[in-house]
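Peer 1: Have a look at this one.
The values are calculated or read from the model by the stated rules, or taken from the named source; none is laboratory data. Keep in mind that this is a model prediction, so the values were computed, not measured. Methodologically, a virtual Cβ is constructed for each residue, glycine included, from the backbone with ideal geometry; neighbour enumeration extends over all protein chains shown.
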2 protein chains.
Amino acid sequence: MRIEILNTGSELLLGSTANTHGAWMGQELVKLGLRVQRQVTVPDGKVIEEALAEATARADVVLVTGGLGPTSDDVTRESLAAVLGVEMIEDEAALRSLHEFFEKRNKPMVAANLKQARNLVGADILPNPNGTAPGIYAPPRLGGEPFCAVFLLPGPPRELYPMFHAEVVPRLRALGGVEVIDGVTELKFVGIGESDFHDRLDDELAAIDGLEVGYCARLGEVDLRLIGSDDAIARGRELTVAAFGDYLVSEDGSDLETTVIRELIRAGKTVTTAESCTGGLVASRLTDVPGSSEAFQRGFVTYSNEAKVEMLGVTPATLEAHGAVSEEVAAEMASGARRTSGADVAVSITGIAGPGGGSAEKPVGRVCFGIATSKGVRTYLENHPRNRLDFKRQASQRALDLVRRAVHDNQ
Amino acid sequence: MRIEILNTGSELLLGSTANTHGAWMGQELVKLGLRVQRQVTVPDGKVIEEALAEATARADVVLVTGGLGPTSDDVTRESLAAVLGVEMIEDEAALRSLHEFFEKRNKPMVAANLKQARNLVGADILPNPNGTAPGIYAPPRLGGEPFCAVFLLPGPPRELYPMFHAEVVPRLRALGGVEVIDGVTELKFVGIGESDFHDRLDDELAAIDGLEVGYCARLGEVDLRLIGSDDAIARGRELTVAAFGDYLVSEDGSDLETTVIRELIRAGKTVTTAESCTGGLVASRLTDVPGSSEAFQRGFVTYSNEAKVEMLGVTPATLEAHGAVSEEVAAEMASGARRTSGADVAVSITGIAGPGGGSAEKPVGRVCFGIATSKGVRTYLENHPRNRLDFKRQASQRALDLVRRAVHDNQ
């Protein structure tokens, strides 16, 4: 079933309102085993008719949002009638609902709202319990050709989402195209890039019959999406895990921080953070996870040298000899945090986020990590020359991954 | 100038990644006095060529994002070459940049990355200092017809945004369609919502001749965009500041954390943070600002009661009598953090982020703030019943605003 989404509304193109409908509907349709082949956003006005004509010529189902309001720039109904070449009539039930809507709220109904009760001849009105704009369902072949079903849906999410579930999903099922033929599995990796997959696995994955592979790369992580039959997915997963299992964070969509907290709780361990350049970001990400208080009780943000000495017991001599951004200081930060807090695992981060503060010897992007456990302290020196926010994100990613590995390897 | 945006990427249609590019570029183009006439999202693959052919036939400028990576599903370059009917060559400068990118990071460059150095004959390579995928600019009439300029841009925002400003904007100006006929001013407010503006100012702002008003509302903040002649903007600004000046954070696009750090440095003061429910987010936001070390030296993440007692000197009796989420504990957290750190201003946050941990007496969303200065401690009790991440963001927003107000009022 070829599905297109058409979002209408000038505000969506001005950037003042983010278009979240597209993503939301995409997600809901994936759950039904359906996929969107194209999403288009056009401003209010005449162009809606053009976009509707194109979409109905290409797709089996077109889902349209917006333009069902009472004002003059709301022309979606009329545009569809023109494209399908069918007449419009006033729908009595819709008119009754409109009157009831206003009565309930003790508000007068203005004449402009009357157009919201108009329907295409042969189409269904879709009730909208949360607003004045009813939806419309034009079944396939309503206007002869094209053979395409069209849903007109309201723009506001609190009206759209319930109507999608109550009215759209049952009709999609009735159209017969909703069968979960394909499975979807998402593997989340941290610490390797998209090109690592390409280099090691592209050919082998491509050789698996009926497997569709997609990547979504973000800073310091890659999501690998496998779509296909259960068998094809299982074979793709096996290959991937054999190559990169060490970097695999989750197979259920969980992000790194969620995985870290889950693993800590499973192991009955606690973690603490000693952050310089990340400035609290690692602690904040850990506490983004519901229930994280079971595994995380305190963190230290030690931005200055004095804070490192006073809060973590870093020795002034070490700072003097090696500088704040050094493996030696990272080691003392981690062991000091572990000792002071009583946590099982402590991770420390000290680095140069930039744009200032770099030198020839220690450039912007230099970062040292320490990880302290009952087995001792390990340190790491790395370079992540990026802009300030990306550097912080990347360093926090690495710090969380070090905790994940420490717990996983039972260090 | 007719502008279209073409976003490519299967993940955008699966709903796993929200398409924020469209909105962001729309906003940036509005600042240049330009409007997007259509935005299209298509999955990776052959359909990109079809969508490119359609867009280039309709528009004067097409901005394309995504599909410039090293893997087999990255086919945007090749699709454009096919649509314009021009050959591709390896670009030596781009190849050199790629090598440098990997050398800097001490990583081997894999063969797959080589395709990222390929360019269309006659097109410009757009340098990408933040990633491996250079952009491409195909000037109008590169392939004879259509008369359309095409920009191929990387998908990740941290690569896209800088490239848009450095490479796209100057070329749009050179194309001659960019004339900032209208001025644009953006006022950033924290602590009030879009409906406050509607209620108080909609009619008055609408009465100003030649003034276009736009809102962009985010959690706990509203950007007001005034577009028009200098005179119209000045009148609009005057009305707005008279009504809501107390909530005005910046007039130069600076976010709240940047404003707070700037004000602290200007006043020669330092700040510290004592965070429970925000878990380090306030400290992290402060350290997002370059140069923040001048005003922020340490922060405390005290998630458990023990941490509040041991790190901040909160008395067990206060915790026992009032509970961790109370104005009394917020007061002791703030004054303890101020005393221990020696900072001029301390802000504390303790609340119930949820989804667990709420009660009838103290529901999810309850949050207490403390602000300690040389003049004493003030506390605030508020309710922000939201999902966990929005709650954290909202509470951190309020905490930063309390610091801003304390410094501003010279408390």
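Peer 1: One residue is enough: does the range B:58-66 have a residue meeting the conditions in the same structural domain as B:Cys148 (by TED's automatic domain parsing), farther than 30 Å from A:Asp44 by Cβ and not acidic (Asp, Glu)?
Peer 2: No; the residues of the range B:58-66 include none that is in the same structural domain as B:Cys148 (by TED's automatic domain parsing), farther than 30 Å from A:Asp44 by Cβ and not acidic (Asp, Glu).
Peer 1: While we're looking at this one, here's another question. Can you tell me which residue in the range B:103-145 is farthest from the other protein chains (Cβ to nearest Cβ), limited to those that are of a type in the set (Lys, Arg) and over 26 Å from A:Arg388 (Cβ atoms)?
Peer 2: B:Arg141
Peer 1: Output the residue which, of all residues in the range A:344-366 that are assigned to a loop (DSSP other than H, G, I, E, B) and out of contact with any Lys or Arg (no Cβ under 8 Å at 6 or more places or on another chain), is surrounded by the fewest Cβ atoms within 10 Å (Cβ to Cβ).
Peer 2: A:Ala360
Peer 1: Let me ask another. If I filter the range A:10-22 for residues that are outside any strand (DSSP E or B), of a type in the set (A, V, I, L, M) and within 30 Å of A:Gly253 (Cβ to Cβ), do I get at least one hit?
Peer 2: Taking every residue of the range A:10-22 in turn, at least one turns out to be outside any strand (DSSP E or B), of a type in the set (A, V, I, L, M) and within 30 Å of A:Gly253 (Cβ to Cβ).
Peer 1: I would also like to ask the following. Of the residues in the range B:268-285, how many are at the interface with another protein chain (Cβ under 7 Å from one of its Cβ atoms) and assigned to a helix (DSSP H, G or I)?
Peer 2: Of the residues in that region, 3 qualify.
Peer 1: Conditions: (1) under 22 Å from the mean Cα position of the chain (by Cα); (2) within 14 Å of another protein chain (Cβ to nearest Cβ). B:Val168 meets all but one. Number of the miss?
Peer 2: Among (1) under 22 Å from the mean Cα position of the chain (by Cα); (2) within 14 Å of another protein chain (Cβ to nearest Cβ), B:Val168 violates only (2).
Peer 1: Looking only at the range B:355-374, how many residues end up being more than 11 Å from B:Val325 (Cβ to Cβ) and within 14 Å of another protein chain (Cβ to nearest Cβ)?
Peer 2: Total meeting the criteria: 2.
Peer 1: Something else about it: Could you please find all residues in the range A:40-59 being facing chain B (nearest Cβ under 10 Å) and buried (at least 18 other Cβ atoms within 10 Å of the Cβ)?
Peer 2: A:Val40, A:Thr41, A:Val42, A:Pro43, A:Ala51
Peer 1: Still on this structure, I have one more. When you check A:Ser374 against the structure, is it in the same structural domain as A:Arg285 (by TED's automatic domain parsing), hydroxyl-bearing (Ser, Thr, Tyr), at pLDDT 95 or above and over 15 Å from A:Ser276 (Cα atoms), yes or no?
Peer 2: yes
Peer 1: May I ask you to say which residue of B:Asp223, B:Asp203 is in contact with a Lys or Arg (Cβ under 9 Å, 6 or more places away or on another chain), of a type outside the set (Phe, Trp, Tyr), farther than 27 Å from A:Ala295 by Cβ and outside the structural domain of B:Asp390 (by TED's automatic domain parsing)?
Peer 2: B:Asp223
Peer 1: While we're looking at this one, here's another question. Within the bounds of the range B:253-269, is there any residue that is surrounded by fewer than 15 Cβ atoms within 10 Å (Cβ to Cβ), closer than 27 Å to B:Val345 by Cα and within 16 Å of the chain's Cα centre (by Cα)?
Peer 2: Yes, the range B:253-269 contains at least one residue that is surrounded by fewer than 15 Cβ atoms within 10 Å (Cβ to Cβ), closer than 27 Å to B:Val345 by Cα and within 16 Å of the chain's Cα centre (by Cα).
Peer 1: Can you go through A:Arg339, A:Arg386, A:Arg393 and tell me which one is touching a residue at least 12 places away in the same chain (Cβ under 8 Å), touching a helix residue (DSSP H, G or I) at 6+ places or on another chain (Cβ under 8 Å) and either part of a loop (DSSP other than H, G, I, E, B) or over 18 Å from A:Leu286 (Cβ atoms) (or both)?
Peer 2: On inspection, the qualifying residue turns out to be A:Arg386.
Peer 1: Further question on the same structure: Test of understanding: among B:Ala353, B:Ala330, B:Ala337, which residue is assigned by TED's automatic domain parsing to the domain that holds B:Ala295, within 19 Å of B:Ala295 (Cβ to Cβ) and within 32 Å of the chain's Cα centre (by Cα)?
Peer 2: B:Ala337
Peer 1: In addition: Which of (1) of a type in the set (S, T, N, Q); (2) within 21 Å of the chain's Cα centre (by Cα); (3) not in a strand (DSSP E or B) does A:Thr185 not meet, given it meets every other one?
Peer 2: Looking at each condition in turn, A:Thr185 falls short on (3).
Peer 1: A further question follows. With the condition kept exactly as written, say whether any residue in the range B:60-82 is assigned to a loop (DSSP other than H, G, I, E, B) and away from chain A (no Cβ under 14 Å).
Peer 2: Yes, because at least one residue in the range B:60-82 is assigned to a loop (DSSP other than H, G, I, E, B) and away from chain A (no Cβ under 14 Å).
Peer 1: Hey, another quick one. Name, by its number, the condition in (1) under 29 Å from B:Gln116 (Cα atoms); (2) within 14 Å of another protein chain (Cβ to nearest Cβ); (3) buried (at least 18 other Cβ atoms within 10 Å of the Cβ); (4) modelled with pLDDT of 90 or more that does not hold for A:Asp223.
Peer 2: Result: A:Asp223 fails condition (4) only.
Peer 1: Name the residue, out of B:Ile233, B:Ile265, that is of a type outside the set (Asp, Glu), more than 30 Å from B:Gly357 (Cβ to Cβ) and within 14 Å of chain A (Cβ to nearest Cβ).
Peer 2: Going through B:Ile233, B:Ile265 in turn, the sole match is B:Ile265.
Peer 1: Quick check, is A:Thr287 free of Cβ contacts under 8 Å to residues at least 60 places away in the same chain, more than 18 Å from B:Val282 (Cβ to Cβ) and among the β-branched types (Val, Ile, Thr)?
Peer 2: No; evaluated as a whole, the condition is false for this residue.
Peer 1: Let me ask another. Out of (1) in contact (Cβ under 8 Å) with a residue 40 or more places away in the chain; (2) closer than 17 Å to A:Gly342 by Cα, the odd one out for A:Thr278 is which?
Peer 2: Result: A:Thr278 fails condition (2) only.
Peer 1: Identify the residue in the range B:1-22 that is within 19 Å of the chain's Cα centre (by Cα), within 7 Å of chain A (Cβ to nearest Cβ) and crowded, with 24+ Cβ neighbours inside 10 Å and, among all such residues, is modelled with the lowest pLDDT.
Peer 2: That would be B:Asn19.
Peer 1: Just checking, which of A:Glu332, A:Glu327 is surrounded by fewer than 22 Cβ atoms within 10 Å (Cβ to Cβ) and modelled with pLDDT of 95 or more?
Peer 2: Testing whether each residue is surrounded by fewer than 22 Cβ atoms within 10 Å (Cβ to Cβ) and modelled with pLDDT of 95 or more leaves just A:Glu327.
Peer 1: Right, something else. Say whether the condition of being buried (at least 17 other Cβ atoms within 10 Å of the Cβ), under 16 Å from B:Val30 (Cα atoms) and of a type outside the set (Val, Ile, Thr) is met by at least one residue in the range B:189-211.
Peer 2: Checking the range B:189-211: at least one residue is buried (at least 17 other Cβ atoms within 10 Å of the Cβ), under 16 Å from B:Val30 (Cα atoms) and of a type outside the set (Val, Ile, Thr).
Peer 1: Can you pull out every residue in the range B:136-168 that is modelled with pLDDT under 90 and in a helix (DSSP H, G or I)?
Peer 2: Residues satisfying the conditions are B:Pro157, B:Arg158.
Peer 1: Another one. Any idea which of (1) more than 24 Å from the chain's Cα centre (by Cα); (2) within 13 Å of chain A (Cβ to nearest Cβ); (3) crowded, with 24+ Cβ neighbours inside 10 Å is the one B:Val309 doesn't satisfy?
Peer 2: (3)
Peer 1: Can you tell me which residue in the range A:83-122 is nearest to the chain's Cα centre (by Cα), limited to those that are among the β-branched types (Val, Ile, Thr) and either not assigned by TED's automatic domain parsing to the domain that holds A:Leu52 or not in a strand (DSSP E or B) (or both)?
Peer 2: A:Val83
Peer 1: For A:Leu256, all conditions in the list (1) free of Cβ contacts under 8 Å to residues at least 60 places away in the same chain; (2) more than 13 Å from every other protein chain (Cβ to nearest Cβ) hold save one; what is the number of the exception?
Peer 2: (1)
Peer 1: Please find, within the range A:23-39, the residue that is modelled with the lowest pLDDT out of those that are part of a strand (DSSP E or B) and either more than 8 Å from chain B (Cβ to nearest Cβ) or surrounded by 22 or more Cβ atoms within 10 Å (Cβ to Cβ) (or both).
Peer 2: Among them, the one singled out is A:Val36.
Peer 1: Residues being over 21 Å from B:Ala93 (Cα atoms) and among the aliphatic types (A, V, I, L, M): count how many of those fall in the range B:114-158.
Peer 2: Result for the range B:114-158: 1.
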